[in-house]
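In what follows, a single structure is set out as structure tokens and then discussed.
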Amino acid sequence: GLPVSISVKNIVFENGNIIYEDTKIGSKIHIKDFGIAIPAVYLSNKQTDVGVSLKFADGGDLNVKVSVNAATNDFNVNVGLKDFALACGKPYLNDFIAYKDFSGSVSTDISVAGNLNDVLSSNVGGIVSVDNVVLTETSGKTIGVKHVGVGIGKANLNENTFIIDSVIVDGAYAHMDMYKDGKTNIDVLLAPLNKKSAAPADSSAPDTTAKAEEAKPEPAKKMVAKVGKLYVHNTKVSANDQTLTKPFNYTVSGITVNGSNINFDTPCTVNVTASFPEGGSVSVKYKGALSDIGTMDAYISVKNLALKHFSNYSLHYTGYPISAGTMAFASENKIQDFNLESKNTIDIYNI
């Protein structure tokens, strides 16, 4: 459709260095070996290919490939990011959390295909992974995960469609500490170092309430969201209660979560298992649809729970410790339209 055909060939930019500094918060990002390779730019019904590559001084490589047709406005973008160091974002975290250190890396292989005339209708797919993430709290304790991988089958904002092929979590660990002042380590973590005060309301601003009421937005398209596979393993969580006469410490390890076909409309199944100290275990089985939380089946089974680990609670509230005993607990629950039918069995042995 263009009256003339124009092409510019062999555009190359090599060995560039870019340093971005945010002096307000002390952030610095150094990009080295920045390069652009464009075999040809066509202002006609031919495809233009652009390649961008660079390295981050703190760790990570980025490669971007872009294909655009100037006549049809069709485009395709592929973003390959390998082992980008998340530590680059540490100065910005001070606005949100209070922490001591943060490390980890992120990698992506994402493709975006669409048309420049309607970018929101583009289809996005690919893989995103995060590895070796460690958040060190001000106390010196850590929260982290060895690997998180997300496979994106299709994401389309205009269609309100989000299809996730898989979510894999390996080696996650966390802890909950309760202090004598009633706060937890989460309260401390969520108290940012750089607290921002809320801006005062502007009394001179025009009243737009009436206009907002008149303009009724179009109803949103029904969201289609699905996770084909959810798998969590090698995960552990620790609890530490310092409010008692003698502090309580307990760790649940070997947490495994298995789920498939997780979506809003049709029933899905999620199984959770975990291990307690001295051979105890817990198993949870859930079946239901996320769109109808009032109807579901849930089964919980606890076996060989050693009660002596909870002795500090007994000592604190009754004055007597627990030296021996095990507990088993089984609970079968059926919920139909928020009506619960529950069958429970508790067995305590040799307490």
Estimated inter-spin distance, residue 34 and residue 249, nm [label 7 Å along Cα→Cβ]: 5.0 nm
Extension reserve of the residue 342-residue 295 stretch, reckoned as 0.36 nm per residue once the Cα distance is removed: 15.6 nm
Fraction of accessible area attributable to carbon and sulfur, the range 1-130 (%, probe 1.4 Å): 57 percent
Whole-number Å³ per residue for the convex hull built on Cα positions in the chain: 242 Å³
Within-12-Å neighbourhood charge of residue 141 [Cβ basis; K, R +1; D, E -1]: -2
Formal net charge of residues neighbouring residue 253 (Cβ-Cβ distance under 13 Å; K, R +1; D, E -1): 0
Difference of contour (0.36 nm per residue) and Cα-Cα distance, residue 269 to residue 176: 30.7 nm
Cut-off 20 Å (backbone N to label point 7 Å along Cα→Cβ of residue 21), residues of the range 55-72: 56-59
Ellipsoid equivalent to the range 3-126 - semi-axes via the Cα gyration tensor, in Å: 34, 18, 13
Accessible surface, the chain, averaged per residue in Å² (probe 1.4 Å): 62 Å²
All lysines inside 17 Å of residue 154 as judged from Cα atoms, apart from same-chain residues fewer than 8 positions distant: 221, 222, 226, 229
Given charges at Cβ of Lys, Arg, Asp, Glu: the range 1-108 dipole, positive-most of 108, 30, 78: 78
Size of electric dipole in the chain: Cβ of Lys, Arg +1 and of Asp, Glu -1, about Cα centre, debye, nearest 20: 580 debye
Virtual spin-label span in nm between residue 334 and residue 229, 7 Å along Cα→Cβ: 3.3 nm
Potential lengthening between residue 168 and residue 261 on full extension [0.36 nm per residue; Cα-Cα distance subtracted]: 32.1 nm
Where 179, 92 fall by accessible area, highest first, once all protein chains stay in place (1.4 Å): 92, 179
Solvent-accessible area of residue 245 with every protein chain in place, 1.4 Å probe, in Å² to the nearest 10: 110 Å²
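The values are calculated or read from the model by the stated rules, or taken from the named source; none is laboratory data. Predicted model, so just to flag it, every value in this text is computed and none were measured. Positions of Cβ are generated from backbone atoms using ideal geometry, with glycine treated the same way; all protein chains shown enter the neighbour counts. For the accessible areas, the whole protein counts, side chains as well, though only heavy atoms, and no ligand, DNA or RNA atoms are used. Shrake-Rupley method; radii C 1.70, N 1.55, O 1.52, S 1.80 Å.
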